[in-house]
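Reviewing the structure listed below.
Read-outs throughout are calculated quantities, based only on the coordinates presented, and are distinct from any laboratory measurement. Owing to the predicted nature of the structure, the values given are computational and were not obtained by experimental measurement. Backbone-built Cβ (ideal geometry, glycine too); neighbour counts: all protein chains shown.
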Amino acid sequence: AQKTVLITGCSSGIGLAIASKLANDDKKRFMVYATMRNLDKRRDLVDTAGSSLGKTLEIKQLDVCCEKSIRDCISSIPNRKVDILVSNAGMGMIGPIECQSLEEMKNVMDTNFFGLVRLLKEILPDMKKRKKGHIVVISSVMGIQGILFNDIYAASKFAVEGFCESLAIQAIKFKLNITLIEPGPVITEFEKKVYEEGLKVDLSAADQETRDMFTNIYLRNYKDIFVSLGQSADDVAEHTKKIITSDNPPFRHQTNTLYTPMTTLKYADPNGDLPIDTFYKMVFHHDKVFHASLNFIKLLRWRSKKSFNLGKTNNKE
Ligand code: NAD
């Protein structure tokens, strides 16, 4: 039988790519409810989805920061039946914390973390009753590991990961699956929006050393990281489709094997110093090493295979 999939944040990037990929599945295995905060931004999705629109794809309004809009959207779905939820809507934020307002920080937490909580408060009870469902959350490698000047964004994704880890234990009782998809850098509007917002940050509240660090080190290398390590949204969508269709989906799945050596450092050192020292050296002491690593990564990327395996015991390339 066809499975219903509800996806948030489908007007651009990863959400749009997942929605059109699932809606255009050869075997028509999915009925996709592609949701977005502002329906005026539906054009790109409509163009990408092609003939699936009105058949295996329906576009609906949903703002993850508004409980009423979530309730209205779920209630408009036949029998409120969501087999697979893809919680994708999110936003980034970069800069020194002394230059960011609490209001801006709360907005990131409200979207990235409470957005997921609101969705699950509405959808989880139905999934529990049916003892069926898969919750797929687009997290990030920054849900495992913090990165310079991404303090609040990383905190929001850590919150998502802690929340899901706790919930996953209960989920087993109800035969539900939860998967955290953890992409590294992905080339979408996100990257551009975050960079442009970064350029606009009023740095006057920060000291000179912090300002230099942000402008001359972090922002200068920002684009390079996306060029060297960045994946396409379609690639992340392909990973997500494999996770959704796998018999035994893993709890965590990283989509970018070029990034795995960095996250492995975290698991390798229970004291937690190894990844922090490594990032420090990469950023501050060995600018040349940093660029050499990026070049090496470019070479690996060029040679990298496209295939990957999934499964709880073997999800490595
Ligand atoms: P994107 O900016 O193209 O997509 C984010 C989408 O979320 C946008 O369509 C935006 O309108 C929507 N959104 C924001 N607030 C919303 C709200 N209140 N209600 C409903 N929709 C809302 O960027 P993307 O890269 O496709 O990001 C998708 C997800 O992937 C995010 O959760 C992001 O944190 C995560 N991610 C992105 C990257 C990256 O480098 N681009 C890396 C790892 C994880």
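Tabulated values for the structure
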| read-out | value |
| --- | --- |
| Rounded to whole Å, sorted largest first: equivalent-ellipsoid semi-axes of region 211-271, Cα gyration tensor | 29, 18, 8 |
| Segments 124-132, 110-118 sorted - mean Cβ within 10 Å per residue, highest first | 110-118, 124-132 |
| Over region 156-233, relative contact order from alpha-carbon pairs under 8 Å, at least 6 apart, % | 43 |
| Centre separation in Å (Cα based) which lies between region 58-121 and region 153-181 | 15 |
| Crossing angle, helix 189-200 versus the chain [Cα axis fit, 0-90 degrees, rounded to tens] | 40 |
| Gaussian network model of the chain, Cα within-10 Å springs - most flexible of 137, 283, 186 | 283 |
| Estimated Rh, region 1-88: Kirkwood, alpha-carbon pairs, angstrom | 12.6 |
| Unit charges at the beta carbon, dipole of the chain: most positive-side option, 284, 57, 229 | 57 |
| The chain: translational diffusion in µm²/s, Stokes-Einstein, Kirkwood Rh over Cα pairs, 4 °C, 1.567 mPa s | 63 |
| Mean Cβ count within 10 Å, highest first, over the residues of peptides 138-149, 88-99, 48-59 | 138-149, 88-99, 48-59 |
| Value at 222 nm in deg cm²/dmol, rounded to 500, when DSSP H runs of n ≥ 4 in the chain each add -39,500 (n - 2.57) | -14500 deg cm²/dmol |
| Relative contact order computed over the chain (Cα-Cα under 8 Å; 6+ residues apart), in percent | 17 |
| Degrees between helix 115-130 axis and first principal axis of the chain (Cα, 0 to 90, nearest 10) | 40 |
| Tilt relative to the chain, helix 220-229 - C-alpha long axis, 0 to 90 degrees, to 10 | 50 |
| Gain in span if fully extended, residue 167 to residue 280, counting 0.36 nm per residue against the direct Cα distance | 37.3 nm |
